[in-house]
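Engineer: My questions all concern the structure below.
The values are calculated or read from the model by the stated rules, or taken from the named source; none is laboratory data. Just so it is clear, the model here is predicted, and its values are computed rather than measured. All Cβ positions, even for glycine, are placed from backbone atoms using ideal geometry, and neighbour counts span all protein chains on display. Just the protein is used for accessible areas: all its heavy atoms, side chains included, with ligands, DNA and RNA removed. Shrake-Rupley method; radii C 1.70, N 1.55, O 1.52, S 1.80 Å.
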Amino acid sequence: MKTLLTSTTLIVSLMTTAVNADDNLDSIIVAAKKEGAVYSVGMPDSWANWKGTWSDLSTIYGLKHQDTDMSSAQEVAKFAAEKHNATADIGDVGFAFARIAVKKGVTQAYKPSTWDSIPNWAKDKDGHWALAYTGTISFISNNNLVKNPPKSWDDILKGDYRVTVGDVGVASQANNAVLAAAFALGGSENNLKPALKFFATLAKQGRLSFNNPVVANLEKGEVEVGILWDFNALSYRDKIDRNRFTVSIPQDGSVISGYTTIINKYAKNPNAAKLAREYIFSDQGQINLAEGYARPIRNNVSLPASIQAKLLPDEQYTNVHPVTDFKAWGKSARKLPRQWQENVLINIK
């Protein structure tokens, strides 16, 4: 059972000078309490344990909360369409969508007081976005069906089991699985050929499965080896049977990405949204995310042993790569549906 910070302790811990010159945390807290509520999109209780953070914000600051779950693209479109008639204050979007939101001019900047402990690759220099937690492409193997669970892409090529990757060309998780293979096999954001060749080989061998690596299919035994975000894999593992599955990060290379809050430029409760972001990046906010299997972006947070045990050890993440060329990856992702059809699906037996 996690230990919540008391109201006094938390307020003191947040009473440092905010990075933003115009934002004083003392005044933000007072104003947020006066607003009394924060409305989010894409931040439901069940995802990454957002429930823990909303509960803390209610207990400590008296903020009411309501969420409407939607995709990253829908969130950005909602902010842009509603403008001054905003019904949402804050949202949680995939890494690539953060830049889209800024380009559309629908975000406002706020750097939490823990800003300096967020890696440079994971934050906007002006404070419009910062990843709160990461996802890394991983393998989940059914131990009842797979004798030697793979620890690398090379292991998979040598295996005799079927591999489930999901809906490539449509699902972000499946697209990033292709990018992870590309990174491991000598490719890049603008060169997916090594990954396409890899999956084409699996298709020719009759080892590429096209059911989705979702919890229901894993539980039914319809997935031998699945490729998915680590936080999904770990959550599914523990929900079904921890001993039945092995989860690992491919040691010859993977991709690390994540999700970031965006504060609506037109938010009706802007101070509550800023306080929510402040709390998300506090030690307890990061612990809340880890409790939901999401790996915190701040590496100087001490996680309780019970929560640390739910995650993979740090040494599994020594060969993971963030996307650095977003323009190239965007172009590759748009071409991927056709390339997948022409290079991989054509080889299905």
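Engineer: Using a probe of 1.4 angstrom, how much of the accessible area of region 93-218 is carbon and sulfur, in percent?
Structural biologist: Details: 2430 of 4940 Å².
Carbon and sulfur: 49 percent of the exposed surface of region 93-218.
Engineer: Give, as a single signed number, the net charge of other residues whose beta carbon lies under 12 Å from the beta carbon of F210, with Lys and Arg counted +1 and Asp and Glu -1. Mind showing how you got there, number by number?
Structural biologist: Working: positive: R162, R207; negative: D167, E222.
The answer is 0.
Engineer: Classify region 103-180: rounded, prolate or oblate, from the alpha-carbon gyration tensor (a ≥ b ≥ c, eigenvalue square roots; a/c under 1.5 rounded; otherwise prolate if a/b is larger than b/c)?
Structural biologist: Working: a/c = 3.84, a/b = 2.38, b/c = 1.61.
Because a/c hits 1.5 or more and a/b exceeds b/c, region 103-180 counts as prolate.
Engineer: How much solvent-accessible surface does R99 expose, in Å² to the nearest 10, with a 1.4 Å probe and all protein chains in place?
Structural biologist: For R99, solvent-accessible area is about 90 Å².
Engineer: Suppose all protein chains stay in the model; what accessible area per residue would a 1.4 Å probe give for region 192-245, in Å²? Can you show the working numbers first?
Structural biologist: Details: 2240 Å² over 54 residues.
That works out to 41 Å² for each residue.
Engineer: Taking K and R as +1 and D and E as -1, what net charge do the other residues with C-beta under 14 Å from the C-beta of P250 add up to? Numbers along the way, then the final one.
Structural biologist: Values: positive: K151, K158; negative: D154, D155, D230, D252, E315.
Around P250, the surrounding residues sum to -3.
Engineer: Still on this model: Connecting C-alpha atoms closer than 10 Å in a GNM of the chain, tell me which of D67, D252, D241 has the biggest fluctuation.
Structural biologist: In this elastic network of the chain, the residue with the biggest mean-square fluctuation among D67, D252, D241 is D241.
Engineer: Roughly to the nearest percent, how much of the accessible area of region 239-307 is carbon and sulfur, given a 1.4 Å probe? Show your work: numbers first, answer last.
Structural biologist: On the way: 910 of 2150 Å².
Accessible surface attributable to carbon and sulfur in region 239-307 totals 42 percent.
Engineer: Shifting gears a bit: Give the label of the value calculated from the structure for Rg/Rh (Cα atoms, Kirkwood Rh), choosing from (i) 1.02; (ii) 1.17; (iii) 0.99.
Structural biologist: After the calculation, the listed value that fits is (iii).
Engineer: Around A81, under 15 Å between beta carbons, what's the net of Lys plus Arg minus Asp minus Glu among the other residues?
Structural biologist: Numbers: positive: K78, K83, K104, K265; negative: E75, E82.
Net charge around A81: +2.
Engineer: Once you keep just the Cα pairs under 8 angstrom separated by 6 or more residues, what percentage relative contact order results for the chain? Kindly include the intermediate steps, with their values, before the conclusion.
Structural biologist: On the way: 662 pairs, mean separation 91.9, N = 349.
In percent, rounded to a whole number, it is 26.
Engineer: For the chain, give the share of DSSP beta bridges that are antiparallel, in percent and rounded to the nearest 5; count only bridges with both residues there.
Structural biologist: Details: 25 of 39 bridges.
The answer is about 65 percent antiparallel.
Engineer: Give a residue-ordered list of calculated ³J(HN,Hα) values for region 69-76 (Karplus: 6.51 cos²θ - 1.76 cosθ + 1.60, θ = phi - 60°; whole Hz; x for Gly, Pro).
Structural biologist: Listing the rounded values in order: 6, 6, 6, 4, 4, 5, 4, 4 Hz.
Engineer: Counting only helical runs of four or more DSSP H residues, what would the 222 nm mean residue ellipticity of the chain come to if each run contributes -39,500 (n - 2.57) and the total is spread over all its residues? Could you put the intermediate results ahead of the total?
Structural biologist: Details: 14 runs with 139 residues, N = 349.
The per-residue figure over the chain is -11500 deg cm²/dmol.
Engineer: Then there is this: Give the relative contact order (percent, whole number) for region 12-123; include only Cα pairs under 8 Å separated by 6+ residues.
Structural biologist: Working: 110 pairs, mean separation 34.4, N = 112.
The value is 31 percent.
Engineer: How much of H84 can a 1.4 Å solvent probe reach, expressed as accessible area in Å² and rounded to 10?
Structural biologist: Looks like 140 Å² after rounding.
Engineer: In Å², what does the accessible area per residue of region 248-349 work out to with a 1.4 Å probe? Walk me through the numbers before you get to the answer.
Structural biologist: Working: 4310 Å² over 102 residues.
Result: 42 Å² per residue.
Engineer: What FRET efficiency comes out for T324 versus K125 if R0 is 22 angstrom and r is the Cβ-Cβ distance? Round to the nearest 0.05. Write out the running numbers ahead of the final one.
Structural biologist: Working: r = 15 Å, r/R0 = 0.67.
Calculated transfer efficiency: 0.90.
Engineer: Same structure, new question: Report in % the part of the accessible area of region 308-349 that belongs to carbon and sulfur, leaving out ligands and nucleic acids; probe 1.4 Å.
Structural biologist: Result for region 308-349: 50 percent of the exposed heavy-atom area is carbon or sulfur.
Engineer: Shifting gears a bit: Using the Cα atoms as the points, what is the convex hull volume per residue of region 86-218 in Å³? Spell out each step's value before the answer.
Structural biologist: Details: hull volume 22.1 nm³, N = 133.
With only Cα atoms used, region 86-218 gives 166 Å³ per residue.
Engineer: Could you work out the equivalent-ellipsoid semi-axes for region 129-170, taking the square root of 5 times each eigenvalue of the Cα gyration tensor, largest first, in whole Å? Walk me through the numbers on the way to the answer.
Structural biologist: Working: eigenvalues 134, 36, 21 Å².
Semi-axes (√(5λ), whole Å): 26, 13, 10.
Engineer: To check my understanding: the extent here is largest minus smallest coordinate of the Cα atoms along each principal axis. What are those three numbers for region 288-345, in Å, largest first?
Structural biologist: 47, 25, 21
Engineer: Which value, in Å², gives the accessible area per residue of region 122-163 when a 1.4 Å probe is used on the protein heavy atoms?
Structural biologist: Values: 1720 Å² over 42 residues.
For region 122-163, the per-residue accessible area is 41 Å².
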